[in-house]
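*Asks:* Below is one structure. I have some questions about it.
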Amino acid sequence: MDVIQSIIIGIVEGLTEFLPISSTGHMIITEKFLGVKEDDFTTLFTVAIQLGAILSVVVLYWKKFFTPITTGGSRWRFYLKLIVAVIPALFFGYLFSNKIDTLLESTTIVVITMLLGGIVLVLIDNYFESPTVQTEEGISLQKAFFIGVWQVIAMVPGVSRSAASIIGGMQQKLTRQLAAEFSFLLAVPTMLAATGYKILKTYKVNPGILKDHHNLMVLGIGNLVAFVVAILAIKFFIGYLQKHGFRIFGYYRIIVGIVLLLMMIAGYLPR
């Protein structure tokens, strides 16, 4: 992978990480279009580049993470909710790590999940009406856990971590905006854990990958680009979601899924 490829993939990651259209699915397809070689570094890059995007959440929601802990301990409860919500992803991510790596190489899986996910998003605004949870303080530990369970579905490439956790939030009676914001916040511990585990796993198998200066430069540039672009994407998504809902993202996924399916059938994309 060269620098230009990492910049392009960084832009794709930043744009798609927090939109319900699957950042991993878009990166896999982008890598195939760019002719990026499938190797251990590419698999690592596809996971680790998400770190740049989630750091944008820390910047945008700085006060949420780092305001002084009050006498009532509300900040501790906030941290506890994130810990409880990330437990399912940690458990199943560790359990099925090798299987997930295999799925990251499959265009077919991405096409199927893009289409199915699109249909869900087109219909989702007709369900989960009359939300009762308006603020983060109203999210119980039980609700946080079930949102985390929904997030596990996104381990299948093309599903979208953002979509799965937002739908999980709405199923738990959160408003669309609150479900989206909690999804963003949950991305921080989830992707930190996923990135850290992937780096450690790669280092144990092939330590040379992380000692290569070119690889480190490519990864650093990709993360920086993803960080900047993700800040803009988050601001856009929150504003759009409040006014219009998910339908446009569903139509987008269906159109992209059909195009990719036709390209795969025609032999322009590997299966």
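The values are calculated or read from the model by the stated rules, or taken from the named source; none is laboratory data. Just so you know, these numbers come straight off a predicted model, no measurement behind them. Counting neighbours? That spans all protein chains shown, and the Cβs are built from the backbone with ideal geometry, glycine included.
*Asks:* Is it the case that residue 22 is on the phi > 0 side of the Ramachandran plot and in contact (Cβ under 8 Å) with a residue 60 or more places away in the chain?
*Replies:* Yes, satisfied.
*Asks:* To continue, here is another question. Given (1) part of a loop (DSSP other than H, G, I, E, B); (2) modelled with pLDDT under 85, where does residue 131 come up short, assuming only one miss?
*Replies:* Every listed condition holds for residue 131 apart from (2).
*Asks:* Given the condition at pLDDT below 90, surrounded by fewer than 12 Cβ atoms within 10 Å (Cβ to Cβ) and not hydroxyl-bearing (Ser, Thr, Tyr), answer yes or no: does some residue in region 216-236 qualify?
*Replies:* No, region 216-236 has no match at all.
*Asks:* Test residue 113 against the stated conditions and say whether it is of a type in the set (Ser, Thr, Tyr), touching a Gly at 6+ places or on another chain (Cβ under 9 Å) and in contact (Cβ under 8 Å) with a residue 60 or more places away in the chain.
*Replies:* yes
*Asks:* Let me ask something else. Among the residues of region 148-157, write down those that are buried (at least 22 other Cβ atoms within 10 Å of the Cβ) and in contact with a Lys or Arg (Cβ under 9 Å, 6 or more places away or on another chain).
*Replies:* Correct list: 151, 154.
*Asks:* Also, quick follow-up: Quick one: in region 169-211, of everything that is at pLDDT below 90 and not in a helix (DSSP H, G or I), which residue is surrounded by the fewest Cβ atoms within 10 Å (Cβ to Cβ)?
*Replies:* 211
*Asks:* While we're looking at this one, here's another question. Under 17 Å from residue 20 (Cβ atoms) and either surrounded by 16 or more Cβ atoms within 10 Å (Cβ to Cβ) or touching an Asp or Glu at 6+ places or on another chain (Cβ under 7 Å) (or both): which single residue out of 119, 109, 124, 100 fits that description?
*Replies:* Exactly one residue qualifies, and that residue is 124.
*Asks:* I've got another one for you. Mind listing whichever residues of region 254-271 are surrounded by 12 or more Cβ atoms within 10 Å (Cβ to Cβ) and either in contact (Cβ under 8 Å) with a residue 40 or more places away in the chain or touching a Gly at 6+ places or on another chain (Cβ under 9 Å) (or both)?
*Replies:* Correct list: 254, 255, 256, 257, 258, 260, 261, 264, 269.
*Asks:* For the structure I just gave you, tell me whether residue 248 is part of a helix (DSSP H, G or I) and free of Cβ contacts under 8 Å to residues at least 12 places away in the same chain.
*Replies:* Yes; evaluated as a whole, the condition is true for this residue.
*Asks:* Turning to a different aspect of this structure: Hey, could you check region 47-58 for residues that are surrounded by fewer than 23 Cβ atoms within 10 Å (Cβ to Cβ) and either out of contact with any Lys or Arg (no Cβ under 8 Å at 6 or more places or on another chain) or of a type in the set (D, E, K, R) (or both) and say which is farthest from residue 108 (Cα to Cα)?
*Replies:* 58
*Asks:* Further question: Right, residue 9: modelled with pLDDT of 90 or more and over 13 Å from the mean Cα position of the chain (by Cα) or not?
*Replies:* Answer is yes for this residue.
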